[in-house]
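Below is one structure, written out as structure tokens; the observations come after it.
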Amino acid sequence: MRPKVISVICIIGFILVILSFPQVFSPGIKKIGMFTPAIYGGIIAFQFISFVGLWHFKQWGAMGFAMAFFCKIFFNILINETGVLFYTYICISLFSFIFVLRYFRQMSPNF
Amino acid sequence: MILLLFKESVLFAWQALIGNKLRSFLSLLGITIGIFAIILVFTIVDSLENNIRSSVQSLGSNVIYVQKWPWSFGEDYPWWKYMNRPLPKYEELEELQKYSKTTEAIAFRMGQRKTVKHGSNSIERVVIGGISQDYNKIKSFDLTEGRYFTTAETDAGYAVAIIGSLVSEGLFPHEDPIGKDIKINGYKCSVIGVVKKEGESMLGPSMDSQVMVPYNFGRRFLDVRSENADPFIMAKAKPGITNVEMSDELMGIMRSVRRLKPQADQNFALNEISLLSKGFDMMFAVIGTAGWIIGGFSILVGGFGIANIMFVSVRERTNIIGIQKSLGAKNYFILIQFLTESVLLSLVGGAIGLLLTYLITVLGKDAIPIDITLSSTNIFLGFTVSILIGVISGFIPAYGASQLDPVEAIRSN
């Protein structure tokens, strides 16, 4: 049974992923390089898949969530996109991590 | 093993798509329209941007224009202040050339539209540019035939002309124009050079449809006091000299040439290409963002369409999934099978969208004078977005299918 807090994290995550998807082909990202939209899109897709895993209360979802978080931070630093939204994202993600880690042992280790 | 699995998934997906042609077509229509909209906007914006950038580049980034009117893209443009300013004069060019230390070359140019004739052929409203000697050191252009003006020709105002490629084709369709005479406003002059074709320019008339004559010859039939002639002086900085340094020096010389008191406002403008570039950057950022928002959300809607159809597909094939699982198919095989189907659906939609964009660019070539090309970057972006939307919209139904209990799945209708 999935705790409510994880459901809330997942719903917020889904909405944010869907809203950030059009950013993949934003002129700003496109201008950096030919492969940048593909890399950024890959991270977004990976983040979405992680939230699906988390929604199904799977350990791979939690691990994917952490990996996608670090990938996104690394990518944003690489392209020098470190504005207010970036720090807000870090704060929300770190806050979510506390709950994800709290329930990690209860999650299913199977795929 | 992986390749075999992938091949099998593609075959399954293809059969599913072919089996429901109308449904597949309708569900990929959203992606097609989304990819078409966004890639077409990007293609047009990129092409316009490239055209303007190359036009700006041909003017030179280290060039300052001394003109009556300042270039501005802002809302506040106090035009009434500039109305009574005097036009730049050829004599001011000579003063600038005499006193300037920071410039590599300074040139004067003015232009008016006149009818040009050769025998029975004539072209109306051709831009006749009256230029000074160093014009070619600032404005970059190549000659396919002939040569540039000599100092003696420009100083003495010889009746010679360098013509653009379109003028050459129009006046001399079947002969070599070099050494032939043309008539500009009744004044006969000899063609000494033809400018290499450079295509349409977004910044004013292209060199292809112009005729250049020495200023001292051109002043006979060009109205040097007319605002329509848009006379201006252009100065190119020496290597290592910044535009700011050159601008400061030009300002000082121009103020002393025009005898302006220290407190008096400037009665000339020093325009830089960077002003144009900034204006265009702003414009393209707005167009790009508008295209991105429109295309982005239409792709998102297309993604929802694919997700919906994938849910239907899983529901329809639940018993087949049950049979596959009972025969030993792993969860990941079912997942990949459905994910491949959604990615394939999305890819086909994206490919059709790209094809439509390509057709528009090909058909538009005759209608629009600017070269609009579907770049490899935009093709790559189109396919990338298609794959991503396929993965995102297909993952939830595919994962749901992979988690089905085989016994219950077989039992379902």
Problem set entry | Amide H contacts under 5 Å for B:E198, placed H, 5+ residues apart | B:D208
Problem set entry | Qualifying trypsin sites (Lys or Arg not before Pro) for the stretch B:231-338 [loop in DSSP, other Cβ within 10 Å: at most 15] | B:R259, B:K330
For this session: Could you work out how far helix B:331-367 tilts from the main Cα principal axis of chain B, as a 0 to 90 degree angle to the nearest 10?
Result: 30
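Go ahead and estimate [θ] at 222 nm for the protein assembly as shown from helices alone: -39,500 (n - 2.57) per DSSP H run with n ≥ 4, summed, over the residue count, rounded to 500. Let's see the in-between values first.
Values: 19 runs with 312 residues, N = 524.
Taken over the protein assembly as shown, the calculation gives -20000 deg cm²/dmol.
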Exercise. Taking Cα pairs under 8 Å and at least six residues apart, what relative contact order does chain B come out at, in percent?
Worked result: 28
Problem set entry | Separation of alpha-carbon centers, the stretch A:44-111 and the stretch B:146-164, rounded to whole Å | 70
Seminar exercise, completed: Applied in sequence order to the stretch A:95-111, the curve 6.51 cos²θ - 1.76 cosθ + 1.60 (Karplus, θ = phi - 60°) yields integer Hz couplings, x standing for Gly and Pro, of 5, 5, 4, 4, 6, 4, 5, 4, 9, 4, 5, 7, 6, 6, x, 7, 6
Problem set entry | Average beta carbon contacts from partner chains per residue of A:26-32, 10 Å cutoff | 4
Exercise. Per-residue HN-Hα couplings for the stretch B:294-304, Karplus 6.51 cos²θ - 1.76 cosθ + 1.60 at θ = phi - 60°, whole Hz, x for Gly and Pro?
Worked result: 4, x, x, 6, 6, 5, 4, 5, x, x, 5
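Nearest 5 percent is fine: what portion of the DSSP beta bridges confined to the stretch B:86-267 is antiparallel?
75
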Exercise. Looking at the protein assembly as shown from every direction and averaging, what is the projected area of its Cα convex hull in nm²?
Worked result: 33.8
Problem set entry | Table column - 3J(HN,Hα) (Hz), the stretch B:78-93, Karplus curve with 6.51, -1.76, 1.60, x for Gly and Pro | x, 4, 5, 6, 8, 3, 8, 5, x, 7, x, 10, 5, 5, 5, 4
Problem set entry | For B:I35, A:I92, order by how many other beta-carbon atoms lie within 10 Å, fewest first | A:I92, B:I35
Problem set entry | Cα coordinate range in the stretch B:86-267, projected on the principal axes (Å, largest first) | 59, 33, 33
Exercise. Which longest uninterrupted range of chain B lacks any GluC sites (Glu not before Pro) assigned by DSSP to a loop state (not H, G, I, E or B) and surrounded by at most 15 other Cβ atoms within 10 Å?
Worked result: B:201-413
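Relative contact order of the stretch B:86-267: what whole-number percent is it, with Cα pairs under 8 angstrom and at least 6 residues apart?
Details: 348 pairs, mean separation 58.9, N = 182.
Once normalised by length, the contact order is 32 percent.
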For this session: Could you work out the relative contact order of the stretch A:4-104, using alpha carbon pairs under 8 angstrom and six or more residues apart, expressed as a whole percent?
Result: 25
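How big is the antiparallel share of DSSP beta bridges in the protein assembly as shown, given as a percent to the nearest 5?
The antiparallel fraction comes to roughly 75 percent.
Taken together, the values in this text are just the output of simple stated rules run on the coordinates, not laboratory data. The shown structure was predicted, so the numbers you read here are calculated from the model rather than taken from an experiment. Using ideal geometry, Cβ is built from the backbone for each residue, glycine included, and neighbour counts are taken over all protein chains shown.
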